[in-house]
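What follows is one structure encoded as structure tokens, with my remarks underneath.
The values are calculated or read from the model by the stated rules, or taken from the named source; none is laboratory data. Treat the numbers as computed from the prediction; the structure is a model and nothing was measured. No Cβ is skipped: glycine too gets one built from the backbone with ideal geometry, and neighbour counts run over all protein chains shown. All accessible areas refer to the heavy atoms of the entire protein, side chains included, with ligands and DNA or RNA removed. Shrake-Rupley method; radii C 1.70, N 1.55, O 1.52, S 1.80 Å.
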Amino acid sequence: MSHIFTDLLRIQLRAVKPIMRPGKLNASRTLQDKLGELMHKVHSAKTEMLRQDFDRFEGCWALPKKEAKRGVILYLHGGGYVAGDLPYAMGFGSVLADDLERRVFCAAYRLAPEHPFPAALEDALTAYQYLLAEGLSGHEIVLCGESAGGGLIWSLALKLKELGLELPAGIIGISPWVDLSLSGPSYQENEKLDPCLTLELLEYYAEVYAGGPSCEPLVSPLFGDLTGMPPSLLFAGSDELLLDDAVALHHKLLALGGKSDLHIAEKMWHAYVLYGVHEAHEALQKISVFIEDLMSK
């Protein structure tokens with residue numbers, strides 16, 4: 001039965017793929033926020049949402065109604081840096097709060113093209129500093145993000161290192177987009193396999209966010225100095241365009257003496273962890289164990 005559900009979901013993703021194209025930004029944003037609302041609806045009975053807005057962007061706490069375990073997750077959502085408002089961020093934020101039984105802070109950072117780089121990074125830094133001001137130490141914070149948000153968490157870690165601020169306890173990247181130069185072979189090899197993304201779309205995202213394909217470390221953290229990064233947990237689907245981003249990041253972290261654990265789900269697509277398939281439940285279990293281990297130290 002799970003295989004049937006997965007196949008049907010893949011078909012549905014392919015059906016909406018034409019909407020996620022350059023020139024259809026408003027439709028893409030609406031679709032993404034609807035996905036977030038659906039995720040939140042499933043978990044709303046077990047979570048409480050508490051708004052915490054800032055001067056330049058919106059934020060929200062996703063709080064488990066049962067007693068929360070130690071540690072806070074700072075969640076930075078995906079959407080190519082162009083889509084994903086607070087309703088979307090609250091969606092997967094509520095999933096994390098419910099399944100992991102931990103407090104999650106969702107930051108709906110400013111979006112391109114209205115707010116190109118470095119706006120998203122500035123807002124991510126503001127959210128992290130807010131958590132520190134609330135009395136949390138870096139050892140109590142775990143960064144988590146998917147797709148563009150999965151790249152932004154490493155950009156944030158590089159910025160924290162640059163500023164001499166305390167790094168988080170760990171970093172969780174779900175299909176992280178860490179190479180906006182689009183150099184990985186999987187961008188070409190998996191274009192017919194990934195039901196969600198196209199190379200044309202990613203080129204558009206890179207253009208409006210960073211002025212085009214870029215190796216600037218705070219845009220493409222794969223090219224930054226990743227020495228001294230906290231333990232990392234990475235997920236990618238074997239069929240996704242961004243597969244080689246996760247693979248290259250994993251190998252670089254290991255080569256620099258860091259700790260990294262990479263899980264590649266066979267026949268899965270981009271950001272599959274958000275879609276409720278069997279492989280997503282397995283990934284959430286791995287995330288739970290990862291955070292539990294970090295918080296026990």
> Looking at (1) touching a residue at least 40 places away in the same chain (Cβ under 8 Å); (2) of a type in the set (A, V, I, L, M, F, W, C); (3) assigned to a loop (DSSP other than H, G, I, E, B), which is the one condition that is false for Leu234?
Replying inline: (3)
> Which residues, taken from region 112-138, are without any contact (Cβ under 8 Å) to a residue 60 or more places away in the chain and outside any helix (DSSP H, G or I)?
Replying inline: Glu114, His115, Glu134, Gly135, Ser137
>> I'm trying to understand the selection: among the residues of region 188-201, which are open to solvent by less than 40 Å² (accessible area, probe 1.4 Å) and at pLDDT 95 or above?
In response: Asn190
> Which residue pairs have Cβ atoms under 8 Å apart, sit 6 or more places apart or on different chains, and have a first residue in region 47-67 that is among the small types (Gly, Ala, Ser) and a second that is loosely packed, with under 12 Cβ neighbours inside 10 Å?
Replying inline: Gly59/Arg51; Gly59/Asp53
>> I want to confirm something. Restricting to region 212-227 and keeping residues that are open to solvent by less than 60 Å² (accessible area, probe 1.4 Å) and either charged (D, E, K, R) or more than 16 Å from the chain's Cα centre (by Cα) (or both), which single residue is farthest from Gly258 (Cα to Cα)?
In response: Gly212
> Taking region 43-61 as the search range and keeping residues that are touching a Phe, Trp or Tyr at 6+ places or on another chain (Cβ under 7 Å) and part of a loop (DSSP other than H, G, I, E, B), which one is nearest to Asp123 (Cα to Cα)?
Replying inline: Phe57
> How about region 249-275: which of its residues are surrounded by 15 or more Cβ atoms within 10 Å (Cβ to Cβ) and among the small types (Gly, Ala, Ser)?
Replying inline: Gly258, Ser260, Ala265, Ala271
> Looking at (1) among the hydroxyl-bearing types (Ser, Thr, Tyr); (2) in a loop (DSSP other than H, G, I, E, B); (3) buried (at least 23 other Cβ atoms within 10 Å of the Cβ), which is the one condition that is false for Tyr209?
Replying inline: (2)
> Residues of region 128-156 being hydrophobic (A, V, I, L, M, F, W, C), touching a strand residue (DSSP E or B) at 6+ places or on another chain (Cβ under 8 Å) and buried (at least 24 other Cβ atoms within 10 Å of the Cβ), which ones?
Replying inline: Val142, Leu143, Cys144, Leu152, Ile153, Trp154, Leu156
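Select from region 236-248 the residues that are of a type outside the set (A, V, I, L, M) and closer than 20 Å to Tyr205 by Cβ and write down the one among them that is surrounded by the most Cβ atoms within 10 Å (Cβ to Cβ). Let's see the steps before the verdict.
Step one: list which residues in region 236-248 are of a type outside the set (A, V, I, L, M), which gives 237-240, 244-245.
If we keep only those that are closer than 20 Å to Tyr205 by Cβ too, we end up with 237, 239-240, 244-245.
Details: Gly237: 28, Asp239: 22, Glu240: 27, Asp244: 20, Asp245: 30.
Ranking the candidates gives Asp245 first.
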>> Quick check on Leu294: is it surrounded by 17 or more Cβ atoms within 10 Å (Cβ to Cβ), of a type in the set (A, V, I, L, M) and assigned to a helix (DSSP H, G or I)?
In response: yes
> Which pairs have Cβ atoms under 7 Å, sit 6 or more apart or on different chains, and link a residue in region 168-182 that is closer than 16 Å to Ser214 by Cβ and open to solvent by less than 10 Å² (accessible area, probe 1.4 Å) to one that is part of a loop (DSSP other than H, G, I, E, B) and at pLDDT 95 or above?
Replying inline: Trp177/Ser147; Trp177/Leu242; Val178/Ser220; Asp179/Ser220; Leu180/Pro213; Leu180/Ser214; Leu180/Val219; Leu180/Ser220
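Here is a yes/no grid of residues against (1) over 16 Å from the mean Cα position of the chain (by Cα); (2) under 23 Å from Lys69 (Cα atoms); (3) among the charged types (D, E, K, R):
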| residue | (1), (2), (3) |
| --- | --- |
| Leu249 | no, no, no |
| Ala255 | yes, no, no |
| Trp269 | no, no, no |
| Val273 | no, yes, no |
| Val277 | yes, no, no |
| Ala280 | no, yes, no |
| Leu294 | yes, yes, no |
| Lys297 | yes, yes, yes |
> Got a number for residues in region 98-126 being small (Gly, Ala, Ser) and under 15 Å from the mean Cα position of the chain (by Cα)?
Replying inline: 4
>> Quick check on my filter: what residues within region 146-167 are under 27 Å from Gly91 (Cα atoms), touching a helix residue (DSSP H, G or I) at 6+ places or on another chain (Cβ under 6 Å) and not in a helix (DSSP H, G or I)?
In response: Leu167
